[in-house]
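Report on the structure given below.
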Amino acid sequence: MEYKKLPVILKRYSFEEKMGILSYYSRQLIDFNRIQIETSKPTPWELETFLMFSIKADEYQFKNFSGQNINDFLEIINCIRNYQHPILVSKAGTLEFTDNALIALGSTQYDCQSYNIYKYFRYHYFLNYTSSEIDMKNEFYQKFGVEYNYFIELGTILNFLFATQVTLNYKIIEYIFLKYDNVVKLLTLSREDFKKDIDFFAANIEDYLYCVRPSDVYPFVEYGQKIYLPLPHSLTRAMTDSLL
């Protein structure tokens, strides 16, 4: 399978199927404390790259990843894993290679190694900080119209549920979304706007590997009057660093 052909290949699968397979493997990464990375499974950055391809690939067929078709998904992931960015290839054997590699890999991998509870504690302090010089709690509310504590509540509830690895009744998730509707709306992007963000951060598909991921800011995707959460592991970053 060739990396440059992935946009065509992913047009053959339904949008709902692509979002579902991403959510399934993303959930497997979630632990109560942090993201668990195993090279025998799709990594966070590979799933994030797959999502960008999936968002951009307008469907003309509606295949699924059931049964033997799961091998198609794994083959796509391996294709993403094995692809080498042309710039890194051109710098091979030079000191510039190390500089470029560390910047590229660090932007997608370092955050995955942090602990959720520490990040939420840190940003709870930052975004509720009040002094005679600055009132971050008020600044945050003026910007988003919602207190930051609601973001923490939603993030920790969803992280707990997904970390249990049990089959969740969609009605439970639907109830949570309704309860925190004001927060979910702020973290939701339509598929068309998601495409625009991808094009803003990536000049071409080669950049999908290391560019800024729109899912880091907007973990929820709206399409066909439905809201999807394709990458649950991205929730913590979306509710901490990205908000700041």
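The values are calculated or read from the model by the stated rules, or taken from the named source; none is laboratory data. Since the structure is predicted, the reported quantities are computational estimates derived from the model, not experimental observations. Here the Cβ is made from the backbone with ideal geometry for all residues, glycine too, and neighbour counts use every protein chain on show. Only protein heavy atoms, including side chains, enter the accessible area calculation; ligands, DNA and RNA are left aside. Shrake-Rupley method; radii C 1.70, N 1.55, O 1.52, S 1.80 Å.
Structure notes:
- Positive-end residue of Ser114, Tyr125, Gln142, charge dipole of the chain with Cβ unit charges: Ser114
- Exposure check, 1.4 Å probe, all protein chains in place: Val89 carries approximately 80 Å² of accessible surface.
- Note on Rg/Rh (Cα atoms, Kirkwood Rh): of the candidates (i) 1.11; (ii) 0.97; (iii) 0.93, the value calculated from this structure sits at (ii).
- Kirkwood-based shape ratio for region 87-210, expressed as Rg/Rh from alpha carbons: 1.06
- Accessible carbon and sulfur surface of the chain relative to its total accessible area, %, 1.4 Å: 54 percent
- Considering only Phe97, Tyr83, Phe73, the residue lying farthest towards the positive end of the dipole of region 11-115 is Phe73, judged by Cα position with unit charges set on Cβ.
- Two-decimal ratio, region 1-72, of alpha-carbon radius of gyration to 2.2 N^0.38 Å: 1.14
- A viscosity of 0.692 mPa s and a temperature of 37 °C, combined with the Kirkwood radius over Cα pairs in Stokes-Einstein, give a translational diffusion coefficient for region 118-177 of 247 µm²/s.
- Estimated FRET transfer efficiency (Ser90, Phe32; beta-carbon r; R0 41 Å; 0.05): 0.45
- In Hz, Karplus ³J(HN,Hα) per residue of region 182-188 (6.51, -1.76, 1.60; θ = phi - 60°; x = Gly, Pro): 5, 7, 4, 4, 5, 10, 10
- A simple spin-label model places the labels of Thr98 and Tyr110 1.7 nm from each other, with each point 7 Å out along Cα-to-Cβ.
- For Lys56, Lys196, the ranking by accessible surface with the largest value first comes to Lys196, Lys56, using a 1.4 Å probe.
- Surface analysis of the chain yields an accessible area of 54 Å² per residue, using protein heavy atoms and a 1.4 Å probe.
- The packing ranking, built from the mean of other Cβ atoms within 10 Å per residue, places the peptides 165-172, 153-160, 65-72 in the order 153-160, 65-72, 165-172, highest first.
- Against the criterion of solvent-accessible heavy-atom surface with a 1.4 angstrom probe, Glu2, Glu59 sort, most first, into Glu2, Glu59.
- With both labels modelled 7 Å from their Cα along Cα-to-Cβ, the Val8 to Val146 distance reads 4.1 nm.
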